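Notes follow the structure.
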Amino acid sequence: MTFRAWWIEKNEDAEGTTQQTASLTDLGPAALRSGDTWVDLAASSVNYKDALALTGGAGIVREWPLIPGIDVVGTVRSSDSGLWTPGEHVLLNGAGLGESRHGGLAEVARVDGEQLVRVPQRFTPTQAAAIGTAGFTAMLAVLAIEKHGVEPGDGPILVTGAAGGVGSVTIALLAHLGYEVVASTGRGESEGDYLRHLGATDIVDRHELSDEAGKPLQKQRWTAVADAVGSTTLANALAQTQYGGIVTACGLAQGADLPATVVPFILRGVTLAGVNSVDAPHELREEAWTRLAQNLDIDLLDEMTEVYALADARSVADQVLAGSVRGRAVIDVTQ
Ligand SMILES: NC(=O)c1ccc[n+]([C@@H]2O[C@H](COP(=O)([O-])OP(=O)(O)OC[C@H]3O[C@@H](n4cnc5c(N)ncnc54)[C@H](OP(=O)(O)O)[C@@H]3O)[C@@H](O)[C@H]2O)c1
(Lines give C-alpha, C1' and ligand atoms only; values in the text may rest on other atoms or scores of the structure.)
Protein backbone atom coordinates (compact mmCIF):
# COMPACT_ATOMS: atom_id res chain seq x y z
CA MET A 1 0.00 0.00 0.00
CA THR A 2 1.38 3.39 -0.95
CA PHE A 3 -0.53 6.61 -0.41
CA ARG A 4 -0.12 10.29 -1.22
CA ALA A 5 0.66 12.71 1.58
CA TRP A 6 2.09 16.15 2.22
CA TRP A 7 5.42 15.63 3.96
CA ILE A 8 7.22 18.28 5.99
CA GLU A 9 10.96 17.87 6.39
CA LYS A 10 13.56 19.91 8.22
CA ASN A 11 16.85 20.42 6.39
CA GLU A 12 19.95 22.51 6.78
CA ASP A 13 21.16 24.57 3.83
CA ALA A 14 24.85 25.11 2.94
CA GLU A 15 25.12 27.97 5.48
CA GLY A 16 23.75 25.75 8.25
CA THR A 17 20.38 27.54 8.36
CA THR A 18 17.48 25.26 9.18
CA GLN A 19 14.63 25.22 6.68
CA GLN A 20 11.31 23.45 6.72
CA THR A 21 10.00 22.24 3.35
CA ALA A 22 6.67 20.70 2.35
CA SER A 23 6.21 18.41 -0.63
CA LEU A 24 3.53 16.07 -1.92
CA THR A 25 4.96 12.57 -1.95
CA ASP A 26 4.16 8.84 -1.97
CA LEU A 27 4.60 7.05 1.34
CA GLY A 28 4.35 3.45 2.55
CA PRO A 29 2.54 2.23 5.68
CA ALA A 30 5.79 2.21 7.71
CA ALA A 31 5.71 6.01 7.63
CA LEU A 32 2.67 5.94 9.92
CA ARG A 33 4.34 5.17 13.19
CA SER A 34 1.64 4.55 15.79
CA GLY A 35 -2.08 4.39 16.45
CA ASP A 36 -4.48 1.46 16.82
CA THR A 37 -6.89 2.58 14.12
CA TRP A 38 -6.32 2.93 10.36
CA VAL A 39 -8.53 5.48 8.64
CA ASP A 40 -9.04 5.94 4.90
CA LEU A 41 -9.23 9.69 4.74
CA ALA A 42 -11.90 11.56 2.81
CA ALA A 43 -11.12 15.17 3.64
CA SER A 44 -9.09 17.58 5.69
CA SER A 45 -8.84 21.36 5.65
CA VAL A 46 -6.32 24.19 5.66
CA ASN A 47 -6.58 25.97 8.99
CA TYR A 48 -4.37 28.91 9.96
CA LYS A 49 -1.97 26.52 11.74
CA ASP A 50 -1.81 24.23 8.68
CA ALA A 51 -1.03 27.24 6.52
CA LEU A 52 1.90 28.14 8.77
CA ALA A 53 3.17 24.54 8.76
CA LEU A 54 2.91 24.16 4.97
CA THR A 55 4.72 27.43 4.29
CA GLY A 56 7.66 26.73 6.60
CA GLY A 57 6.49 28.85 9.52
CA ALA A 58 8.11 28.12 12.87
CA GLY A 59 6.35 26.95 16.00
CA ILE A 60 3.71 24.56 14.67
CA VAL A 61 5.52 21.35 13.65
CA ARG A 62 7.40 19.75 16.54
CA GLU A 63 8.41 16.38 15.00
CA TRP A 64 10.07 15.85 11.60
CA PRO A 65 9.34 14.49 9.11
CA LEU A 66 5.58 15.01 9.57
CA ILE A 67 2.32 14.86 7.65
CA PRO A 68 0.56 18.19 8.29
CA GLY A 69 -3.19 18.67 8.72
CA ILE A 70 -4.86 19.26 12.09
CA ASP A 71 -8.17 17.80 10.85
CA VAL A 72 -8.86 14.17 10.00
CA VAL A 73 -12.16 12.96 8.49
CA GLY A 74 -12.60 9.50 6.97
CA THR A 75 -13.76 5.91 7.21
CA VAL A 76 -12.35 3.28 9.56
CA ARG A 77 -10.42 0.65 7.61
CA SER A 78 -9.46 -1.43 10.66
CA SER A 79 -9.19 -0.87 14.40
CA ASP A 80 -7.61 -2.77 17.28
CA SER A 81 -9.20 -0.35 19.76
CA GLY A 82 -12.36 -2.38 20.26
CA LEU A 83 -14.28 0.88 19.75
CA TRP A 84 -14.73 1.08 15.98
CA THR A 85 -15.66 -1.26 13.16
CA PRO A 86 -14.64 -0.93 9.51
CA GLY A 87 -16.81 1.46 7.53
CA GLU A 88 -17.68 3.84 10.36
CA HIS A 89 -17.27 7.57 9.63
CA VAL A 90 -14.95 9.26 12.12
CA LEU A 91 -13.20 12.56 12.70
CA LEU A 92 -10.53 14.11 14.89
CA ASN A 93 -9.54 17.74 15.37
CA GLY A 94 -6.28 18.85 16.96
CA ALA A 95 -4.99 16.34 19.51
CA GLY A 96 -1.46 16.91 18.18
CA LEU A 97 -2.36 16.05 14.55
CA GLY A 98 -0.14 17.98 12.17
CA GLU A 99 1.99 19.22 15.09
CA SER A 100 3.55 16.29 16.95
CA ARG A 101 1.88 13.39 15.09
CA HIS A 102 0.93 12.70 11.50
CA GLY A 103 -2.16 14.61 10.38
CA GLY A 104 -4.85 14.67 7.75
CA LEU A 105 -3.29 16.00 4.54
CA ALA A 106 -2.88 12.46 3.23
CA GLU A 107 -4.96 9.59 1.88
CA VAL A 108 -4.50 7.45 5.02
CA ALA A 109 -4.09 8.14 8.74
CA ARG A 110 -3.29 6.05 11.77
CA VAL A 111 -4.79 7.38 15.01
CA ASP A 112 -5.89 6.31 18.49
CA GLY A 113 -9.44 5.00 18.41
CA GLU A 114 -10.25 6.40 21.85
CA GLN A 115 -9.72 9.92 20.56
CA LEU A 116 -12.00 9.67 17.54
CA VAL A 117 -15.45 11.20 17.36
CA ARG A 118 -18.24 9.77 15.20
CA VAL A 119 -19.16 12.06 12.26
CA PRO A 120 -22.71 13.19 13.05
CA GLN A 121 -25.16 11.62 10.58
CA ARG A 122 -26.27 15.05 9.45
CA PHE A 123 -22.87 15.83 7.91
CA THR A 124 -21.11 14.44 4.86
CA PRO A 125 -17.32 13.94 5.25
CA THR A 126 -16.76 17.16 3.28
CA GLN A 127 -19.07 19.09 5.61
CA ALA A 128 -17.36 17.60 8.69
CA ALA A 129 -14.01 18.79 7.29
CA ALA A 130 -15.53 22.17 6.44
CA ILE A 131 -16.40 22.52 10.11
CA GLY A 132 -13.02 21.11 11.11
CA THR A 133 -10.93 22.66 13.85
CA ALA A 134 -12.21 26.15 13.01
CA GLY A 135 -15.87 25.20 13.44
CA PHE A 136 -15.17 23.01 16.45
CA THR A 137 -13.35 25.96 18.05
CA ALA A 138 -16.24 28.28 17.17
CA MET A 139 -18.61 25.90 18.95
CA LEU A 140 -16.33 25.80 22.01
CA ALA A 141 -16.47 29.61 22.14
CA VAL A 142 -20.26 29.60 21.82
CA LEU A 143 -20.53 26.97 24.59
CA ALA A 144 -18.36 29.17 26.85
CA ILE A 145 -20.61 32.17 26.17
CA GLU A 146 -23.75 30.11 26.88
CA LYS A 147 -22.28 28.60 30.05
CA HIS A 148 -21.47 32.12 31.25
CA GLY A 149 -25.22 32.77 31.16
CA VAL A 150 -25.42 35.09 28.17
CA GLU A 151 -28.84 34.74 26.54
CA PRO A 152 -30.29 35.91 23.22
CA GLY A 153 -31.76 39.34 23.86
CA ASP A 154 -29.05 40.35 26.34
CA GLY A 155 -27.30 42.55 23.78
CA PRO A 156 -24.88 42.39 20.86
CA ILE A 157 -22.02 39.90 20.66
CA LEU A 158 -18.88 40.96 18.79
CA VAL A 159 -17.15 38.39 16.56
CA THR A 160 -13.63 39.32 15.39
CA GLY A 161 -11.76 37.82 12.43
CA ALA A 162 -15.28 37.56 11.09
CA ALA A 163 -14.70 36.49 7.49
CA GLY A 164 -12.14 33.83 8.49
CA GLY A 165 -12.93 30.21 9.32
CA VAL A 166 -13.53 30.50 13.06
CA GLY A 167 -15.35 33.82 12.67
CA SER A 168 -17.69 32.64 9.90
CA VAL A 169 -18.85 29.56 11.83
CA THR A 170 -19.18 31.56 15.07
CA ILE A 171 -21.46 34.07 13.38
CA ALA A 172 -23.62 31.34 11.80
CA LEU A 173 -23.97 29.51 15.13
CA LEU A 174 -24.74 32.58 17.25
CA ALA A 175 -27.26 33.96 14.74
CA HIS A 176 -29.00 30.58 14.49
CA LEU A 177 -29.30 30.55 18.30
CA GLY A 178 -30.98 33.97 18.20
CA TYR A 179 -28.12 36.18 19.37
CA GLU A 180 -27.52 39.63 17.89
CA VAL A 181 -24.12 39.47 16.17
CA VAL A 182 -21.78 42.29 15.15
CA ALA A 183 -18.94 41.27 12.82
CA SER A 184 -15.50 42.91 12.95
CA THR A 185 -13.74 42.57 9.61
CA GLY A 186 -11.11 44.22 7.45
CA ARG A 187 -13.07 43.11 4.38
CA GLY A 188 -16.37 44.92 4.89
CA GLU A 189 -16.57 46.06 1.27
CA SER A 190 -16.04 42.66 -0.31
CA GLU A 191 -17.48 40.42 2.43
CA GLY A 192 -20.17 42.60 4.04
CA ASP A 193 -23.04 40.86 2.21
CA TYR A 194 -21.56 37.45 3.04
CA LEU A 195 -21.32 38.30 6.75
CA ARG A 196 -24.89 39.64 6.83
CA HIS A 197 -26.05 36.50 5.05
CA LEU A 198 -24.40 34.40 7.78
CA GLY A 199 -26.42 36.36 10.33
CA ALA A 200 -24.46 39.47 11.34
CA THR A 201 -26.79 42.42 11.90
CA ASP A 202 -24.02 45.00 11.86
CA ILE A 203 -20.40 45.28 10.74
CA VAL A 204 -17.51 47.24 12.24
CA ASP A 205 -14.24 47.96 10.47
CA ARG A 206 -11.55 45.94 12.23
CA HIS A 207 -9.20 48.93 12.20
CA GLU A 208 -11.41 50.60 14.83
CA LEU A 209 -10.27 47.82 17.17
CA SER A 210 -6.87 46.83 15.85
CA ASP A 211 -5.01 50.06 15.15
CA GLU A 212 -4.23 51.16 18.70
CA ALA A 213 -5.10 50.17 22.25
CA GLY A 214 -7.63 52.73 23.51
CA LYS A 215 -8.56 53.63 27.08
CA PRO A 216 -8.76 50.78 29.63
CA LEU A 217 -12.51 51.39 29.97
CA GLN A 218 -14.46 52.39 26.88
CA LYS A 219 -18.17 52.67 26.05
CA GLN A 220 -19.86 49.38 27.05
CA ARG A 221 -20.92 47.86 23.74
CA TRP A 222 -20.78 44.07 23.93
CA THR A 223 -22.51 41.54 26.14
CA ALA A 224 -19.92 39.03 24.93
CA VAL A 225 -17.05 38.85 22.46
CA ALA A 226 -15.72 35.87 20.48
CA ASP A 227 -12.18 36.91 19.54
CA ALA A 228 -9.91 35.09 17.08
CA VAL A 229 -7.24 37.73 16.51
CA GLY A 230 -5.70 38.75 19.87
CA SER A 231 -3.40 41.77 20.32
CA THR A 232 -4.84 45.31 20.33
CA THR A 233 -8.17 44.00 19.06
CA LEU A 234 -8.60 41.81 22.13
CA ALA A 235 -7.47 44.64 24.44
CA ASN A 236 -10.09 47.00 22.99
CA ALA A 237 -12.75 44.28 23.02
CA LEU A 238 -12.14 43.79 26.75
CA ALA A 239 -12.40 47.54 27.32
CA GLN A 240 -15.74 47.68 25.46
CA THR A 241 -17.40 44.69 27.14
CA GLN A 242 -20.37 45.34 29.42
CA TYR A 243 -20.35 44.75 33.16
CA GLY A 244 -20.28 40.98 33.85
CA GLY A 245 -19.68 40.06 30.21
CA ILE A 246 -17.41 37.40 28.76
CA VAL A 247 -14.69 37.56 26.12
CA THR A 248 -13.47 34.29 24.59
CA ALA A 249 -9.95 34.25 23.14
CA CYS A 250 -8.89 31.53 20.72
CA GLY A 251 -6.52 33.09 18.23
CA LEU A 252 -3.66 35.39 17.33
CA ALA A 253 -4.26 36.35 13.68
CA GLN A 254 -3.29 39.93 14.57
CA GLY A 255 -0.70 39.04 17.22
CA ALA A 256 0.07 37.05 20.36
CA ASP A 257 0.50 40.18 22.47
CA LEU A 258 -2.20 41.58 24.74
CA PRO A 259 -1.64 45.28 25.46
CA ALA A 260 -4.43 45.48 28.05
CA THR A 261 -4.93 46.47 31.69
CA VAL A 262 -6.68 44.62 34.52
CA VAL A 263 -9.26 47.42 34.76
CA PRO A 264 -12.08 45.69 32.78
CA PHE A 265 -11.72 42.67 35.10
CA ILE A 266 -11.71 44.55 38.41
CA LEU A 267 -14.15 47.36 37.60
CA ARG A 268 -16.55 45.61 35.23
CA GLY A 269 -16.21 41.99 36.29
CA VAL A 270 -15.38 40.98 32.72
CA THR A 271 -14.32 37.35 32.23
CA LEU A 272 -11.58 36.41 29.77
CA ALA A 273 -12.04 32.77 28.76
CA GLY A 274 -9.36 30.91 26.83
CA VAL A 275 -10.44 28.43 24.16
CA ASN A 276 -8.15 25.49 23.31
CA SER A 277 -9.42 22.97 20.76
CA VAL A 278 -6.22 20.90 20.58
CA ASP A 279 -6.39 19.41 24.07
CA ALA A 280 -10.15 19.48 24.57
CA PRO A 281 -11.28 16.44 26.59
CA HIS A 282 -13.29 13.79 24.78
CA GLU A 283 -16.54 14.61 26.57
CA LEU A 284 -16.33 18.25 25.45
CA ARG A 285 -15.57 17.14 21.88
CA GLU A 286 -18.70 14.98 21.87
CA GLU A 287 -20.76 17.84 23.29
CA ALA A 288 -19.46 20.34 20.73
CA TRP A 289 -20.04 18.02 17.75
CA THR A 290 -23.54 17.15 18.97
CA ARG A 291 -24.33 20.85 19.20
CA LEU A 292 -22.78 21.55 15.78
CA ALA A 293 -25.15 18.95 14.32
CA GLN A 294 -28.09 20.66 16.05
CA ASN A 295 -27.23 24.32 15.55
CA LEU A 296 -25.21 24.82 12.37
CA ASP A 297 -27.17 25.69 9.24
CA ILE A 298 -25.88 23.28 6.58
CA ASP A 299 -26.73 25.57 3.68
CA LEU A 300 -24.65 28.36 5.25
CA LEU A 301 -21.83 25.90 5.92
CA ASP A 302 -21.80 24.90 2.24
CA GLU A 303 -21.81 28.56 1.21
CA MET A 304 -18.75 29.35 3.33
CA THR A 305 -16.79 26.35 1.93
CA GLU A 306 -14.46 25.95 -1.05
CA VAL A 307 -13.17 22.46 -1.86
CA TYR A 308 -9.68 21.89 -3.30
CA ALA A 309 -7.61 18.86 -4.37
CA LEU A 310 -4.81 17.47 -2.20
CA ALA A 311 -2.16 18.92 -4.51
CA ASP A 312 -3.61 22.43 -3.99
CA ALA A 313 -2.98 22.50 -0.22
CA ARG A 314 0.28 24.47 -0.48
CA SER A 315 -1.19 27.24 -2.63
CA VAL A 316 -4.30 27.40 -0.43
CA ALA A 317 -1.95 27.93 2.53
CA ASP A 318 -0.58 31.07 0.87
CA GLN A 319 -4.11 32.39 0.44
CA VAL A 320 -4.96 31.68 4.10
CA LEU A 321 -1.90 33.60 5.30
CA ALA A 322 -2.67 36.45 2.92
CA GLY A 323 -6.11 36.70 4.55
CA SER A 324 -7.88 36.19 1.23
CA VAL A 325 -9.73 32.94 2.00
CA ARG A 326 -13.36 33.43 2.92
CA GLY A 327 -14.71 30.93 5.43
CA ARG A 328 -13.34 27.40 5.12
CA ALA A 329 -10.91 25.73 2.72
CA VAL A 330 -11.54 21.97 2.53
CA ILE A 331 -9.06 19.54 0.98
CA ASP A 332 -10.66 16.54 -0.72
CA VAL A 333 -7.74 14.14 -0.24
CA THR A 334 -9.17 11.68 -2.79
CA GLN A 335 -8.78 14.24 -5.59
N1 LIG B 1 -7.28 28.05 20.22
C2 LIG B 1 -7.60 27.13 19.32
O3 LIG B 1 -7.84 25.98 19.63
C4 LIG B 1 -7.71 27.56 17.89
C5 LIG B 1 -8.44 26.80 16.98
C6 LIG B 1 -8.60 27.28 15.67
C7 LIG B 1 -7.99 28.48 15.30
N8 LIG B 1 -7.24 29.15 16.21
C9 LIG B 1 -6.63 30.42 15.87
O10 LIG B 1 -7.67 31.35 15.60
C11 LIG B 1 -7.24 32.28 14.62
C12 LIG B 1 -8.24 32.31 13.46
O13 LIG B 1 -8.25 31.04 12.83
P14 LIG B 1 -9.02 30.86 11.45
O15 LIG B 1 -8.94 29.42 11.10
O16 LIG B 1 -10.33 31.54 11.51
O17 LIG B 1 -8.04 31.70 10.49
P18 LIG B 1 -8.40 32.44 9.12
O19 LIG B 1 -9.47 31.69 8.39
O20 LIG B 1 -7.12 32.71 8.45
O21 LIG B 1 -9.09 33.81 9.61
C22 LIG B 1 -8.39 34.75 10.38
C23 LIG B 1 -9.09 36.10 10.22
O24 LIG B 1 -8.49 37.00 11.13
C25 LIG B 1 -8.59 38.32 10.61
N26 LIG B 1 -7.23 38.91 10.58
C27 LIG B 1 -6.15 38.47 9.90
N28 LIG B 1 -5.10 39.27 10.10
C29 LIG B 1 -5.53 40.24 10.96
C30 LIG B 1 -4.90 41.38 11.56
N31 LIG B 1 -3.62 41.68 11.31
N32 LIG B 1 -5.63 42.15 12.37
C33 LIG B 1 -6.93 41.87 12.63
N34 LIG B 1 -7.58 40.80 12.09
C35 LIG B 1 -6.88 40.01 11.27
C36 LIG B 1 -9.15 38.18 9.19
O37 LIG B 1 -10.56 38.43 9.27
P38 LIG B 1 -11.25 39.58 8.36
O39 LIG B 1 -10.75 39.35 6.98
O40 LIG B 1 -12.71 39.36 8.53
O41 LIG B 1 -10.77 40.88 8.94
C42 LIG B 1 -8.94 36.73 8.86
O43 LIG B 1 -9.88 36.26 7.94
C44 LIG B 1 -5.83 31.86 14.24
O45 LIG B 1 -4.90 32.59 14.99
C46 LIG B 1 -5.79 30.39 14.62
O47 LIG B 1 -4.49 29.93 14.84
C48 LIG B 1 -7.09 28.71 17.48
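The values are calculated or read from the model by the stated rules, or taken from the named source; none is laboratory data. Keep in mind the model is a prediction, meaning the values are calculated, not measured. For neighbour counting, all protein chains shown are included, and Cβ atoms are generated from backbone atoms with ideal geometry for every residue, glycine included. Note: areas computed on protein heavy atoms with side chains; ligands, DNA, RNA excluded. Shrake-Rupley method; radii C 1.70, N 1.55, O 1.52, S 1.80 Å.
Can you name every residue in the range 167-180 that is out of contact with any strand residue (DSSP E or B) (no Cβ under 8 Å at 6 or more places or on another chain) and open to solvent by 10 Å² or more (accessible area, probe 1.4 Å)? Matches in the range 167-180: HIS176, LEU177, GLY178.
Taking the criterion of being part of a helix (DSSP H, G or I) and more than 15 Å from the ligand (Cβ to nearest atom), the residues of the range 263-288 that qualify are VAL263, PRO264, PHE265, ILE266, LEU267, ARG268, HIS282, GLU283, GLU286, GLU287. Can you tell me which residues in the range 106-118 are open to solvent by less than 10 Å² (accessible area, probe 1.4 Å) and more than 28 Å from VAL159 (Cβ to Cβ)? Listed by number, the residues that qualify are ALA106, VAL108, ALA109, VAL111, GLY113, LEU116. Being assigned to a loop (DSSP other than H, G, I, E, B) and under 30 Å from ASP26 (Cβ atoms) is the filter; apply it to the range 296-326 and report the residue that is least open to solvent (accessible area, probe 1.4 Å). By that ranking, first place goes to VAL325.
If only one of GLY186, GLY192 is in the same structural domain as THR261 (by TED's automatic domain parsing) and near the ligand (Cβ under 8 Å from one of its atoms), which one is it? Answer to the check: GLY186. For the range 151-194, the tally of residues that are among the aromatic types (Phe, Trp, Tyr) and without any contact (Cβ under 8 Å) to a residue 60 or more places away in the chain stands at 1.
Conditions tested, residue by residue: (1) in contact with a Phe, Trp or Tyr (Cβ under 9 Å, 6 or more places away or on another chain); (2) crowded, with 24+ Cβ neighbours inside 10 Å; (3) at pLDDT below 95; (4) not hydrophobic (A, V, I, L, M, F, W, C).
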residue: PRO120; (1), (2), (3), (4): yes, no, no, yes
residue: THR124; (1), (2), (3), (4): no, no, no, yes
residue: ALA128; (1), (2), (3), (4): yes, yes, no, no
residue: GLY135; (1), (2), (3), (4): no, yes, no, yes
residue: GLU146; (1), (2), (3), (4): no, no, no, yes
residue: PRO152; (1), (2), (3), (4): yes, no, no, yes
residue: LEU158; (1), (2), (3), (4): yes, yes, no, no
residue: GLY161; (1), (2), (3), (4): no, yes, no, yes
